[in-house]
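To keep things clear, I will list the structure first and then write my remarks on it.
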Amino acid sequence: MKPIFQYLSDKEVQLIHGLALDILQNTGMQMPCQEAIEVLSDAGAKVENNNIIKIPADLVNRALETVPKRSEVTLYARDPKHDITFTDDQVPVLATMTEATHVLDPYDGKKRAATNEDLVKITKIIDNLEHIGVAGGLVTPQDVPGEVAEWYSWATNIKNTTKHITNGGYGTQGVRDIIKMASIAVGSEEAFHERPYISFWILTKPALQIDRLTLEALIEMSRHKVPAMISSGPILGVTSPVTIAGTCAQAHAEMLACITLGQLVNPGAPVIYTSFARGFDFKTGSVTMSSPEFAILKVCMAQMGRFIDLPTRMPSMLRDAKILDGQAGFETGMVGLSGAMSADLLDSMQFDMDVIVDFADLVYCNECMSQLRRMAKGVLVNEGTLGLDVITKLGPGGNFLGQKHTVKYCRKEIWQADLTERRNWTGWENDGALGIREKALKRALAMLDEIGEVELLDKEKQRAIDEIAAHATVDYQQSI
């Protein structure tokens with residue numbers, strides 16, 4: 001059977017869900033977008049001062065009836081071989097996080113601002129790593145106009161990967177521009193809408209807020225039925241209750257409000273349930289992205305997403321560690337395992353509370369995900385795997401190494417290491433005595449050399465995509 005992590009009982013999940021409905025109905029959510037207010041109020045929500053919307057429980061429940069269920073959602077990729085369906089034999093899948101601002105230079109190891117060329121190289125590596133299924137703006141280029149950096153990030157992703165892409169979307173025009181970019185790559189908007197191979201982040205602003213541009217983006221992507229990665233990222237004791245249960249209820253309420261709006265705009269618009277609910281270190285005043293509480297929150301929020309039968313995406317390999325060291329390794333294992341055993345998609349590949357990306361870490365996380373997927377696969381028990389025939393044949397003192405049963409099942413049952421060091425000391429020492437980061441970085445640089453100047457789109461399409469980014473503008477007026 002496939003193993004699953006749980007912290008909440010079925011009764012506790014129902015209790016938290018009920019509390020979230022109560023929060024929306026009686027406390028409400030601040031939603032400062034005129035179109036969102038009109039859509040919700042026309043459906044029966046109450047509008048109060050300062051754009052507070054109180055959403056009745058029956059309105060939320062109707063939305064949960066029309067939102068596509070986990071088994072009905074596909075994250076399309078430009079190349080169909082990378083399509084993701086949410087079946088137990090395909091998930092969990094590793095996804096890139098977005099919006100880091102710095103990299104560790106792959107040649108001198110020093111921290112510096114990320115560039116668009118870094119994102120090009122990172123995206124090309126990700127496109128060629130087997131266990132990373134979703135690409136995105138892992139870094140936000142700091143050498144492009146800041147207000148529209150996401151447009152440049154989208155352009156770079158679309159030009160350099162054929163996997164599904166997730167990144168930010170700002171306002172109505174932002175979503176329209178990115179859909180135009182994505183359509184250019186596949187030849188037409190009709191072709192894009194047949195297989196929308198992108199999705200957008202929708203991030204709330206705890207406690208119980210969401211800004212105008214994000215609401216506009218949610219409305220526009222719902223119209224096009226482009227998947228929305230809806231997420232709330234409260235901080236324990238800062239922007240939500242210090243208790244895990246209270247934080248889960250608040251975060252769940254915020255996401256239910258967004259789901260309701262999207263379904264009112266266009267019933268059947270797909271949603272991925274995501275949460276960046278985080279811990280807080282009261283000694284240092286720092287947000288924690290790899291604490292035990294962070295790991296627990298990922299499991300609890302994944303349970304809430306499964307309760308309403310949605311695909312789930314949880315950040316599970318984002319380290320507080322500054323570099324790929326022992327702390328990073330433990331954090332990767334602790335939170336990664338929690339995510340792999342509870343969620344469908346796992347965000348990863350950033351350090352220092354989502355600020356820094358290390359090229360070596362791309363290869364390292366790919367290897368870690370390979371192991372986590374093996375653990376999440378579970379144990380198959382049937383007549384063949386029980387092996388009674390071969391046990392009976394060999395009896396006491398038998399050697400199973402040369403048996404057909406071993407040959408048949410060894411690759412199915414035994415995970416094969418690639419980057420992970422398993423040789424004896426002499427073999428390792430004779431090969432340079434490299435640590436895990438050194439090996440991973442060497443592999444990443446070799447991949448860049450192999451990929452070279454390979455381009456996935458012709459020059460004309462690339463120019464058309466870049467033109468959209470070059471002329472992008474954002475209206476920040478009246479955003480909160």
| query | In the set ALA433, ALA440, ALA417, which member is within 22 Å of LEU380 (Cα to Cα) and among the small types (Gly, Ala, Ser)? | reply | ALA417
| Do we find that GLU189 is without any contact (Cβ under 8 Å) to a residue 12 or more places away in the chain, acidic (Asp, Glu), in contact with a helix residue (DSSP H, G or I) (Cβ under 8 Å, 6 or more places away or on another chain) and farther than 29 Å from LEU297 by Cα in this structure? | yes
| field | Among residues of the stretch 190-209, those that are within 21 Å of GLY137 (Cβ to Cβ), open to solvent by less than 40 Å² (accessible area, probe 1.4 Å) and either charged (D, E, K, R) or outside any strand (DSSP E or B) (or both), counted | value | 4
| request: Select from the stretch 337-346 the residues that are assigned to a loop (DSSP other than H, G, I, E, B), of a type outside the set (D, E, K, R) and surrounded by 24 or more Cβ atoms within 10 Å (Cβ to Cβ) and list them in ascending order. | output: SER342, ALA343
| task | Give me the pairs, please: first residue somewhere in the stretch 430-441 and without any contact (Cβ under 8 Å) to a residue 12 or more places away in the chain, second residue anywhere and outside any helix (DSSP H, G or I) and open to solvent by 50 Å² or more (accessible area, probe 1.4 Å), beta-carbon distance under 8 Å, and either six or more positions apart or on two chains. | result | ASP431/ARG423
| task | Test THR473 against the stated conditions and say whether it is open to solvent by 40 Å² or more (accessible area, probe 1.4 Å), part of a loop (DSSP other than H, G, I, E, B) and closer than 23 Å to ALA340 by Cβ. | result | no
| Hits in the stretch 421-467 - residues which are closer than 30 Å to GLY187 by Cα, small (Gly, Ala, Ser) and surrounded by 12 or more Cβ atoms within 10 Å (Cβ to Cβ) | ALA464
| For the stretch 203-229, which residues satisfy the criterion of being out of contact with any Ser or Thr (no Cβ under 6 Å at 6 or more places or on another chain) and not small (Gly, Ala, Ser)? | LYS205, LEU208, GLN209, THR214, LEU215, LEU218, ILE219, MET221, ARG223, HIS224, LYS225, VAL226
| query | Restricting the search to the stretch 36-60, which residues are in contact with a Ser or Thr (Cβ under 9 Å, 6 or more places away or on another chain) and open to solvent by 20 Å² or more (accessible area, probe 1.4 Å)? | reply | ALA43, VAL47, ILE52, LYS54
| field | Only listed residue being of a type in the set (Ser, Thr, Tyr), without any contact (Cβ under 8 Å) to a residue 24 or more places away in the chain and surrounded by fewer than 23 Cβ atoms within 10 Å (Cβ to Cβ), chosen from THR239, THR288, THR284 | value | THR284
| field | Any chance TYR170 is over 16 Å from ALA77 (Cβ atoms) and aromatic (Phe, Trp, Tyr) | value | yes
| said: When the residues of the stretch 31-59 are narrowed to those that are part of a strand (DSSP E or B) and not hydrophobic (A, V, I, L, M, F, W, C), which ends up farthest from GLN263 (Cα to Cα)? | reply: GLU48
| field | Filtered residue count, the stretch 307-331, keeping only those that are buried (at least 24 other Cβ atoms within 10 Å of the Cβ) and either of a type in the set (Val, Ile, Thr) or in contact (Cβ under 8 Å) with a residue 60 or more places away in the chain (or both) | value | 7
| Single match in MET349, MET304, MET334 (criterion: hydrophobic (A, V, I, L, M, F, W, C) and open to solvent by 10 Å² or more (accessible area, probe 1.4 Å)) | MET334
| Can you name the number of the only condition in (1) touching a residue at least 12 places away in the same chain (Cβ under 8 Å); (2) touching a strand residue (DSSP E or B) at 6+ places or on another chain (Cβ under 8 Å) that CYS300 fails? | (2)
| request: Select from the stretch 291-301 the residues that are open to solvent by 20 Å² or more (accessible area, probe 1.4 Å) and either closer than 20 Å to ASP10 by Cβ or in contact with an Asp or Glu (Cβ under 9 Å, 6 or more places away or on another chain) (or both) and list them in ascending order. | output: ILE296
| note | Here the residues within the stretch 451-469 that are at pLDDT 95 or above and outside any loop (DSSP other than H, G, I, E, B) are LYS459, GLU460, LYS461, GLN462, ARG463, ALA464, ILE465, ASP466, GLU467, ILE468, ALA469
| field | Flag for ALA269 being open to solvent by less than 10 Å² (accessible area, probe 1.4 Å), in a loop (DSSP other than H, G, I, E, B) and in contact with a Gly (Cβ under 8 Å, 6 or more places away or on another chain) | value | yes
| field | Answer from ILE244, ILE230 - the residue that is closer than 16 Å to ALA207 by Cα, surrounded by fewer than 22 Cβ atoms within 10 Å (Cβ to Cβ) and not aromatic (Phe, Trp, Tyr) | value | ILE244
| field | Hits in the stretch 407-440 - residues which are in a helix (DSSP H, G or I) and over 26 Å from HIS131 (Cα atoms) | value | TRP425, THR426, GLY427, GLU429, ASN430
| Candidates ALA63, ALA77 - the one that is crowded, with 21+ Cβ neighbours inside 10 Å, assigned to a loop (DSSP other than H, G, I, E, B) and out of contact with any Gly (no Cβ under 6 Å at 6 or more places or on another chain) | ALA77
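The values are calculated or read from the model by the stated rules, or taken from the named source; none is laboratory data. Just so we're clear, the structure is a prediction, and the values are computed from it rather than from any experiment. Cβ atoms come from the backbone with ideal geometry, glycine included; neighbour counts cover every protein chain shown. Heavy atoms of the whole protein, side chains included, go into the accessibility calculation; ligands, DNA and RNA do not. Shrake-Rupley method; radii C 1.70, N 1.55, O 1.52, S 1.80 Å.
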